[in-house]
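Note sheet for the following structure.
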Amino acid sequence: MNTRGSMVLVSVLAIWFMVVAAVSAANFNQDVSITWGGGRANIQDSGNLLTLSLDQTSGSGFQTVNQYMFGKFDIQMKLVPGNSAGTVTTYYLSSAGSSHDEIDLEFLGNLSGDPYVLHTNVFTQGKGNREQQFYLWFDPTKDFHTYSILWNPVTIVISVDGTPIRQFKNMASSGVPFPNGQPMWIYSSLWDADSWATRGGLVKTDWSLAPFTASYRNYNAQACIWSSSSSSSSCTTKSTSNSSWMSQSLDNTAQARIKSFQKKYMIYNYCTDTKRFPQGFPPECLAT
């Protein structure tokens, strides 16, 4: 890392060390707000379970009460079972505005017996086009599985059941924008996208099977909570016993696990799509 990159990282870490990370235990009654759906989103079991539903009239969604500036975010999800073609279930971090930052997990439904596609993307300052897609090695509709996003000044890591599947490193020193200047909320939604979600839109949603339902539990955020009332780059604080996520990066073993996973389960990688990038791949694709 050059001097400029080191100064950027030190500056961000300096902001962090003036605050204490917040740990948000799972209780949907306290942690999230139902944002749309007209009763199709429901919090149950004293806040321990949340369900989103989709029918021909509307889908549904929620977002966290808090905004965050870096964190490790885990949630357990059980996706729409059976023929889920045309449906999309999302879990993502996003800021607001046209120059937003975003870290996406989108689960694209499929015909019964065919695997879901996990579509991932990273937006920085309103620009995405960093898609990677994967099949999962299990049926995500049979039971709950843990989906995690680690976002700190060093890296972004997406993991499934503790297995890292994608990393986006901070390469700002090489001219690659990295989302480190805008606080983000966690969002989730279940909606109809049969114009593109399944086989490029060839397979449409079968509304005779509605309502479609996805379930959530055990949301946990080890994160810095952003104070929207402050004009400075600071956070409100709560106590925590573990802030190792703030400087966490992948060691050689984890890097090898990513490569192994992607070799088996990656079905699309923007970094190998010569049709999209005939003049050369984005700089992050060429980094070793």
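Under a point spin-label approximation (7 Å from Cα along Cα-to-Cβ), what is the THR146-PHE281 distance to one decimal in nm?
Inter-label distance under the simple model: 3.1 nm.
Which loop trypsin sites (Lys or Arg not before Pro) in segment 74-166, with loop taken from DSSP, have no more than 12 other Cβ atoms within 10 angstrom of their Cβ?
Those that pass, being in a loop and sparsely packed, are LYS142.
Would you please give the residues with an amide H less than 5 Å from that of ASN110, counting only those at least 5 places away or on a separate chain, with H modeled from the backbone geometry?
Residues meeting the amide H criterion: SER84, ALA85.
Exactly which chymotrypsin sites (Phe, Trp or Tyr not before Pro) in segment 162-201 are in a DSSP loop and have at most 15 other Cβ atoms within 10 Å?
Passing both the DSSP loop test and the Cβ count: TRP196.
Given a Förster distance of 45 Å, report the FRET efficiency between ALA256 and LEU209 from their Cβ-Cβ distance, rounded to the nearest 0.05.
0.65
Defining a contact as two alpha carbons under 8 Å apart and six or more residues distant in sequence, what relative contact order in percent does the chain show?
Relative contact order of the chain: 28 percent.
What are the ³J(HN,Hα) values, in whole Hz, obtained from phi via the Karplus relation 6.51 cos²θ - 1.76 cosθ + 1.60 with θ = phi - 60°, for each residue of segment 137-146 in sequence order, with x given for Gly and Pro?
My calculation for segment 137-146 gives 9, 8, 8, x, 9, 7, 7, 7, 10, 9 Hz in order.
Looking at TYR187, GLN67, ASN152, which one has the Cα that reaches farthest to the positive end of the dipole of the chain (charges on Cβ: Lys, Arg +1; Asp, Glu -1)?
My answer, from the dipole projection, is ASN152.
Hey, got the dipole for the chain? About the Cα centre, +1 on K and R Cβ, -1 on D and E Cβ, debye to the nearest 20?
640 debye
Out of (1) 1.16; (2) 0.96; (3) 1.27, which label holds the value of Rg/Rh (Cα atoms, Kirkwood Rh) that was computed here?
Computed from these coordinates, Rg/Rh (Cα atoms, Kirkwood Rh) corresponds to label (2).
Every number here is computed from the coordinates shown, using simple stated rules; none is lab data. Remember, predicted model here, so these are calculated numbers, not experimental data. Cβ coordinates were reconstructed from backbone atoms using ideal geometry, including for glycine residues, and neighbour counts include every protein chain displayed.
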